Structure formats: C-alpha cells, structure tokens
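Single-structure report; data block below.
The values are calculated or read from the model by the stated rules, or taken from the named source; none is laboratory data. Bear in mind the structure is a predicted one, so any value in this text is a computation, not a measurement. Don't worry about glycine lacking a Cβ; one is built from the backbone with ideal geometry, like all the others, and counts go over all protein chains shown.
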Amino acid sequence: MSDTENMDWQELDQGDTASDTSNQEKNNEEPEGAGDLEAVFDVPVKVSAVLGITNLTVSQLLKLGSGSVVELDRKVGEAIDIYVNNRLVARGEVVLLEEKLGITMTEIIKGNE
C-alpha cells in the first residue's frame with residue numbers, strides 16, 4: 001500500500017486547511033466544522049418531550065373525556081425527558097413563553113444513559 005492509502009480521515013482533513021482557511025475568513029460567524037454539517041441542516045427530525053408515562057387498559061382509555069385526570073409517573077417540578085427520533089438526548093423543564101409552552105434544556109445526555 002502507498003502512504004496515501006494509509007492516511008486516516010483526520011490527516012486528509014488537515015491537508016485541506018489551506019482552502020478551509022480562506023473560507024473561514026470569509027465567514028467568521030460559522031463555527032469550525034459547521035460547513036460540513038450544512039448538508040443535514042434541512043433533514044427533519046422528530047422531537048418529543050415526555051412529561052411522564054402511565055399504563056392504562058383500553059377500557060380505561062375509552063372512559064377518558066374532557067377534564068379527565070391521568071396520573072403520570074413523575075412529580076411536579078421533576079425534569080422531563082426530551083427525545084430526538086426516539087432517542088433520549090436531554091432533560092429539561094416546561095416553561096411558558098408568550099402564552100405558549102416551551103422547554104428549557106437543563107441537562108444534555110451523552111452516550112447511552
């Protein structure tokens with residue numbers, strides 16, 4: 001094998017720093033490496049905020065109506081789970097923003113917790 005075939009991706013990326021430097025000077029607002037992610041910026045993802053979980057039978061579910069209360073497995077003030085594409089990525093708190101509900105992320109989950 002030649003030396004070129006033995007290079008890893010990091011070495012190849014370092015070889016392109018001359019052209020990358022001129023691109024970064026043109027757009028100082030873009031973080032390093034963000035240009036590499038530009039292709040995925042428009043990919044839709046499903047974001048879910050789980051307030052809590054409960055188990056119901058079908059008959060209990062059918063009895064629910066307006067004003068029904070469903071007890072969840074969380075306490076008031078406890079962090080909610082935030083999922084992206086069904087994968088836990090963060091925990092946060094529910095906030096009110098101009099009469100709309102929002103979420104403030106308080107903890108980012110790294111790895112497989």
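General remarks:
- Count of region 40-78 residues which are hydroxyl-bearing (Ser, Thr, Tyr) and within 25 Å of VAL89 (Cα to Cα): 2
- For region 60-71, a tally of residues being under 30 Å from ILE109 (Cβ atoms) and surrounded by 12 or more Cβ atoms within 10 Å (Cβ to Cβ) returns 0.
One line per residue, one yes/no per condition, for (1) of a type in the set (S, T, N, Q); (2) in contact with a Gly (Cβ under 9 Å, 6 or more places away or on another chain); (3) surrounded by 10 or more Cβ atoms within 10 Å (Cβ to Cβ):
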site	(1), (2), (3)
LYS46	no, no, no
VAL76	no, no, no
VAL89	no, no, yes
LEU96	no, yes, no
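- Some residue of region 33-40 being at pLDDT below 95, assigned to a loop (DSSP other than H, G, I, E, B) and not assigned by TED's automatic domain parsing to the domain that holds THR106: yes
- Taken together, the residues in region 80-96 that are within 11 Å of ILE109 (Cβ to Cβ) and of a type in the set (A, V, I, L, M) amount to 5.
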